[in-house]
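To keep things clear, I will list the structure first and then write my remarks on it.
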Amino acid sequence: MRKGLVLEGGAMRGLFSAGVMDVLMEEGVTFDGVVGVSAGAAFGCNFKSRQQGRALRYNTKYAKDQRYYSLWSWLTTGNLFNAEFAYHTLPDVLDPFDNAAFEQNPTEFHLVATNVLSGKAVYKKIEHGGDCLYEWLRASASMPIASKVVSIEGFQLLDGGIADSIPLRYFQEQGFEQNLVILTQPIGYEKKPMRMMGLVRRLLGKYPVLAEALAQRHEMYNEQLHYVAQEEKKGNTLVICPNDTLPIGRISHDARKMQATYEIGREAAQERLNDIKAFLSRDIG
């Protein structure tokens, strides 16, 4: 029975997931596959490369560096998270991503992006590190309006969370029957409709289908939360999430809030560690 790790996004809220994953790595917990969306992909790749602490380290170190993510970057390049600095200079030079370890680890790594022309999810299994991985990560994490559309392998892509925020169904379809799902919102959270959709539609005038997907995203997300809860009741899914709303927004330059969010993730993993190990050791077939 294949065991999977499912990671939703949430931008800087993803540091909660990073904290959970670091504890799992310390405890030697492994999976047959990982699927991440947006920040879940950008931080989750470190689980396959076995680089504990990396996601927290580079985010806190470069939190106030305008080359990383800033209004300056958005105004000068069209990307809030600077495409060259964040997705090439940083993993290649400043805080190297271990591409060799990523490729040698047999754990599968999948991510989700959104096709801006169809509004549908595009799923990608990544087997090699380097620029191809980095560009797919960028596509998965590129927020609409705050980022330029990413063109890769014939697709025009943006944030995977628009089309599939919690890809549990996808992973089940890939044969991962037993899944640990890490969410970045507490139990009982319900996503509300996106504000200022009139303005969003104007700004995304070239991509009306994408704008409509954003308008309906809250319905998709809330349905996925319901599905995850149903699957957990069946016993084939285990959910780890914060007990309360995290002390950080999607975007933050506050290293202290980043550290606090990461520590909440670590605490959540430590509190549920026995449950996690028992779940993964159980044959639910």
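The values are calculated or read from the model by the stated rules, or taken from the named source; none is laboratory data. Bear in mind the structure is a predicted one, so any value in this text is a computation, not a measurement. Every residue, glycine among them, receives a Cβ derived from its backbone with ideal geometry; neighbour counts consider all protein chains shown. When the accessible area is computed, the model is the full protein with side chains, heavy atoms only, and any ligands, DNA or RNA have been set aside. Shrake-Rupley method; radii C 1.70, N 1.55, O 1.52, S 1.80 Å.
Restricting the search to helices (runs of 4 or more DSSP H) fully inside segment 30-77 and requiring at least 2 residues that are hydroxyl-bearing (Ser, Thr, Tyr) gives 54-61, 71-77. Would you confirm, using the coordinates I've provided, whether Asp275 is modelled with pLDDT under 95, acidic (Asp, Glu) and open to solvent by 20 Å² or more (accessible area, probe 1.4 Å)? Against the criterion (modelled with pLDDT under 95, acidic (Asp, Glu) and open to solvent by 20 Å² or more (accessible area, probe 1.4 Å)), Asp275 does not qualify.
Is segment 168-175 home to any residue that is outside any helix (DSSP H, G or I) and either in contact (Cβ under 8 Å) with a residue 60 or more places away in the chain or surrounded by fewer than 17 Cβ atoms within 10 Å (Cβ to Cβ) (or both)? Within segment 168-175, one or more residues are outside any helix (DSSP H, G or I) and either in contact (Cβ under 8 Å) with a residue 60 or more places away in the chain or surrounded by fewer than 17 Cβ atoms within 10 Å (Cβ to Cβ) (or both).
Leu15 versus (1) out of contact with any helix residue (DSSP H, G or I) (no Cβ under 6 Å at 6 or more places or on another chain); (2) part of a helix (DSSP H, G or I); (3) open to solvent by less than 10 Å² (accessible area, probe 1.4 Å): which is the lone unmet condition? In the conditions (1) out of contact with any helix residue (DSSP H, G or I) (no Cβ under 6 Å at 6 or more places or on another chain); (2) part of a helix (DSSP H, G or I); (3) open to solvent by less than 10 Å² (accessible area, probe 1.4 Å), Leu15 misses (1) alone.
Do the conditions hold for Leu203, that is, is it touching a strand residue (DSSP E or B) at 6+ places or on another chain (Cβ under 9 Å), aliphatic (A, V, I, L, M) and either under 20 Å from Arg13 (Cβ atoms) or open to solvent by 40 Å² or more (accessible area, probe 1.4 Å) (or both)? Criteria met by Leu203.
One residue stands out in segment 246-266 among those that are not aliphatic (A, V, I, L, M) and not in a loop (DSSP other than H, G, I, E, B): the one that is surrounded by the fewest Cβ atoms within 10 Å (Cβ to Cβ), namely Arg256.
Criterion first (under 20 Å from Gln156 (Cβ atoms) and either assigned to a helix (DSSP H, G or I) or touching a residue at least 24 places away in the same chain (Cβ under 8 Å) (or both)) does Leu210 satisfy it? Answer is yes for this residue.
Residue count for segment 77-118 under the criterion of being of a type outside the set (A, V, I, L, M, F, W, C), buried (at least 19 other Cβ atoms within 10 Å of the Cβ) and out of contact with any Lys or Arg (no Cβ under 8 Å at 6 or more places or on another chain): the result is 2.
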